[in-house]
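K.L.:
Let me begin by handing over the structure; questions about it come next.
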Amino acid sequence: MDYKKLSIGLGIFSIALGAAELLAPRRIAKALSAPDHPGLVRGFGAREVAAGAAIFQAPGHSTTIWNRVLGDVMDLTALGAAARRAPGNRAVQAALAFVAAVTALDVVTALGLDRQTGRALPLREPATT
């Protein structure tokens, strides 16, 4: 599998998602039962755009994808809070499922890049060649 190409796809996805969050934060916040938090959505959008830009600068570096994983954890935490506030909101449930799937793809990509490039998750020693 070409993890570098997968990384570039995740960069495109990050920028598209971030743009949506930056352009329509109130609408997204309202749909996720958080109408008082458009600033949080906007902040998450800025983080996504920055993540995408970092990936384009270094698509073969797993660190950029591990940064996406950390962002995914933030997203899942915020969506979990929204799910507790509005347990019947299908948009929140769908967003949780979608972010969980993207998180899995991010982890697979980051681990694949670690194996291909010798770079490692920061908690491990780098692979030697």
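The values are calculated or read from the model by the stated rules, or taken from the named source; none is laboratory data. These numbers were taken from a predicted model, which means no experiment stands behind them. A quick note on method: Cβ atoms are made from the backbone with ideal geometry, for glycine too, and the neighbour counts reach across all protein chains shown. We work out accessible area using only protein heavy atoms, side chains counted, and drop any ligands, DNA or RNA first. Shrake-Rupley method; radii C 1.70, N 1.55, O 1.52, S 1.80 Å.
K.L.:
Go through Ala51, Ala29 for me and flag whichever is in a helix (DSSP H, G or I), over 18 Å from Ala81 (Cβ atoms) and in contact (Cβ under 8 Å) with a residue 12 or more places away in the chain.
P.N.:
Exactly one residue qualifies, and that residue is Ala51.
K.L.:
Could you check segment 77-95 and list, in sequence order, the residues that are surrounded by fewer than 17 Cβ atoms within 10 Å (Cβ to Cβ), closer than 20 Å to Gly45 by Cα and hydrophobic (A, V, I, L, M, F, W, C)?
P.N.:
Matches in segment 77-95: Ala81, Ala91, Ala94.
K.L.:
Under 8 Å by Cβ, and 6 or more places apart or on different chains, what pairs join a residue from segment 8-20 that is under 8 Å from Gly52 (Cα atoms) with one that is among the aromatic types (Phe, Trp, Tyr) and assigned to a helix (DSSP H, G or I)?
P.N.:
Gly11/Phe56
K.L.:
Are any residues in segment 55-76 in a helix (DSSP H, G or I), more than 19 Å from Lys30 (Cβ to Cβ), open to solvent by less than 40 Å² (accessible area, probe 1.4 Å) and without any contact (Cβ under 8 Å) to a residue 40 or more places away in the chain, and if so, which ones?
P.N.:
Gly71, Asp72
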